[in-house]
Structures are given as structure tokens and as C-alpha cells.
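As C-alpha cells, the structure follows; a few thoughts come after it.
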Amino acid sequence: QVQLVESGGGLVQAGGSLRLSCAASGRTFSNYAMGWFRQAPGKEREFVAAISWSGGTIYYADSLKGRFTISRDNAKNTVYLQMNSLKPEDTAVYYCATKGGVVHTSTSAYDYWGQGTQVTVSS
């Protein structure tokens with residue numbers, strides 16, 4: 001059984017930074033692509049960033065390029081999302097997800113999801 005556990009969320013002032021972590025278990029982590037998504041109240045879940053199994057291919061949502069950085073440590077079975085220059089509109093529940101095969105930006109492509117971690121950015 002695949003388990004994904006996110007951590008690192010919290011309350012931060014606008015302009016601040018947070019680093020989210022997602023610890024994976026139950027499958028050979030290094031063989032699978034990982035993604036970060038977010039969902040704000042009343043909105044659909046949206047793509048944030050994704051990384052291939054090797055880390056060689058990375059995608060970001062266009063609106064987040066330059067502020068967010070995704071990375072992974074296959075030795076620790078963990079994927080990270082460094083978020084800088086946070087804005088109130090970044091407030092959402094952040095989810096990590098995993099999929100086999102090539103990295104993808106669509107929520108429907110991912111087959112296992114974590115429970116999410118809340119990020120709240122105050123103005």
C-alpha cells in the first residue's frame with residue numbers, strides 16, 4: 001500500500017517562505033514521478049510542480065515559476081517543495097501525488113495522493 005505524508009505547512013506572512021515535504025512509502029520511490037498540487041477553498045485542485053523519477057525533468061505551473069522549486073531525495077523517499085515570496089493567493093491545501101511512467105501535469109494522471117497540508121499566507 002502506497003502512503004504519502006505531507007508536512008511543513010503552516011501560517012506565514014506574505015513574502016515569507018515555507019518548505020513542504022512529502023514522505024513516501026510502499027513502493028520503490030525512485031521509480032516513480034512525483035507531483036505537487038493545491039486546492040484553495042471553492043476552487044478546483046490545480047497543478048503546482050512535478051518531477052520525474054530521476055529529477056531530470058521538472059515542470060512548474062507558469063504562474064509559479066521563479067518562486068517555487070521542486071526537488072527529490074530518492075535515498076530518503078522524499079519530495080520537497082520550496083516556496084518563496086509567498087502571496088495570500090498561495091493559500092491552499094497542498095497535496096503530493098505519485099504516478100508510474102513519465103512525469104505529468106494533470107491531476108487525473110496520478111494514482112496515489114497524500115492527505116494534504118494547509119498553507120495559509122497572511123497579508
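Summary table
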item: Flag if residue 55 is within 16 Å of residue 103 (Cα to Cα) and either part of a loop (DSSP other than H, G, I, E, B) or open to solvent by 60 Å² or more (accessible area, probe 1.4 Å) (or both); result: yes
item: Unmet criterion (only one of (1) part of a strand (DSSP E or B); (2) open to solvent by 20 Å² or more (accessible area, probe 1.4 Å); (3) in contact (Cβ under 8 Å) with a residue 24 or more places away in the chain) for residue 49; result: (2)
item: Unique match (being at pLDDT below 95, over 13 Å from the mean Cα position of the chain (by Cα) and open to solvent by less than 60 Å² (accessible area, probe 1.4 Å)) among 63, 30; result: 30
item: Subset of region 66-86 [open to solvent by 20 Å² or more (accessible area, probe 1.4 Å) and part of a strand (DSSP E or B)]; result: 69, 71, 72, 73, 80, 82
item: Candidate set: region 87-97, residues that are within 19 Å of residue 15 (Cα to Cα) and outside any loop (DSSP other than H, G, I, E, B); chosen: the one most open to solvent (accessible area, probe 1.4 Å); result: 89
item: Pairs, first more than 14 Å from residue 17 (Cβ to Cβ) in region 54-68, second among the hydrophobic types (A, V, I, L, M, F, W, C) and open to solvent by 60 Å² or more (accessible area, probe 1.4 Å), C-beta under 9 Å, six or more apart; result: 57/102
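The values are calculated or read from the model by the stated rules, or taken from the named source; none is laboratory data. Since the model is a prediction, treat every value here as computed from it, not as a measurement. Here the Cβ is made from the backbone with ideal geometry for all residues, glycine too, and neighbour counts use every protein chain on show. Just so you know, the surface numbers come from the protein's heavy atoms only, side chains and all, with ligands and any DNA or RNA stripped out. Shrake-Rupley method; radii C 1.70, N 1.55, O 1.52, S 1.80 Å.
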